[in-house]
Amino acid sequence: MMDKEKIEAGVRLILEGIGEDVNRPGLVETPSRIARMCEEVYGGMYQSAETHLSKQFDVANSDMVLEKDITFFSMCEHHLLPFFGKAHVAYIPDGKVAGLSKLARTVEVFARRAQLQEQMCVQIADAMAEYLHPKGVMVMIEAEHTCMTMRGVKKPGSRTVTTVTRGVFAEDANLREMFMQMVKL
Ligand code: ZN
């Protein structure tokens with residue numbers, strides 16, 4: 001599990017490094033507050049997508065299942081600043097479907113850690129492929145990165161879009177087109 005004492009000591013060092021007085025009233029509780037927050041924000045490291053995706057139901061048809069506009073918050077691993085937005089997760093079942101809420105849970109497992117958007121997209125798609133064995137998977141993530149909007153190039157509102165396809169989605173342009181249409185609806 002997380003080492004809260006280490007996190008608290010680290011936050012104190014950063015504050016001292018900035019030149020702050022770590023004993024002033026506004027900052028006294030900040031290290032322990034951040035340590036508690038880390039359990040939530042980075043809690044995905046201690047969860048497994050398998051737990052969520054292994055609860056499955058039989059289906060006869062193999063039409064696309066899309067869970068779209070899954071809101072998420074993550075932390076960019078280069079700056080530990082938030083990036084946030086929406087994930088759209090689709091798959092073509094091969095006899096089995098997962099509970100709909102489980103797709104959102106899977107997004108959370110990979111969002112709640114130090115992360116890169118591109119890598120998160122791949123991890124969600126690979127987990128879906130591995131634990132659900134569908135005919136195909138497509139994941140699209142749209143996000144605003146505060147490391148780009150509050151610092152650096154400072155372009156508020158700009159969004160980064162990434163997609164990953166597996167199986168039939170990689171082979172069939174019509175399926176990808178259908179995904180895009182459904183996401184836009
Ligand atoms: Zn960053």
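Computed from the coordinates by the stated procedures, all read-outs in this text should not be read as laboratory data. A quick note: this is a predicted structure, and the numbers were derived from the prediction, not measured. Every residue, glycine as well, gets a Cβ built from its backbone with ideal geometry; the counts of neighbours run over all protein chains shown.
Odds and ends about this structure:
- Long-range tail of P(r) for the chain (Cα pairs > 23 Å, %): 49 percent
- Karplus (6.51, -1.76, 1.60) ³J(HN,Hα), θ = phi - 60°, over region 19-33, in Hz, Gly and Pro reported as x: x, 7, 8, 5, 9, 6, x, x, 10, 4, 8, 4, x, 6, 5
- Listed cross-link partners K154/K184; K86/K184; K68/K135; K4/K68; K102/K135 are compared with a 24 Å cut-off, the Cα-Cα value being larger for K154/K184; K4/K68.
- Vicinal HN-Hα couplings computed from phi for region 96-102 (Karplus, 6.51 cos²θ - 1.76 cosθ + 1.60; Hz; Gly/Pro x): 9, 10, 9, x, 4, 5, 6
- Coil-residue GluC sites (Glu not before Pro) of region 115-185, DSSP, other Cβ within 10 Å capped at 16: none
- Charged side chains reduced to their Cβ positions (Lys and Arg at +1, Asp and Glu at -1) give the chain a dipole of some 340 debye around its Cα centre.
- Over the chain, dividing the summed -39,500 (n - 2.57) contributions of all DSSP H runs of at least 4 residues by the number of residues returns a 222 nm mean residue ellipticity of -13000 deg cm²/dmol.
- R0 of 35 Å, Cβ-Cβ distance D21-K155: FRET efficiency to nearest 0.05: 0.55
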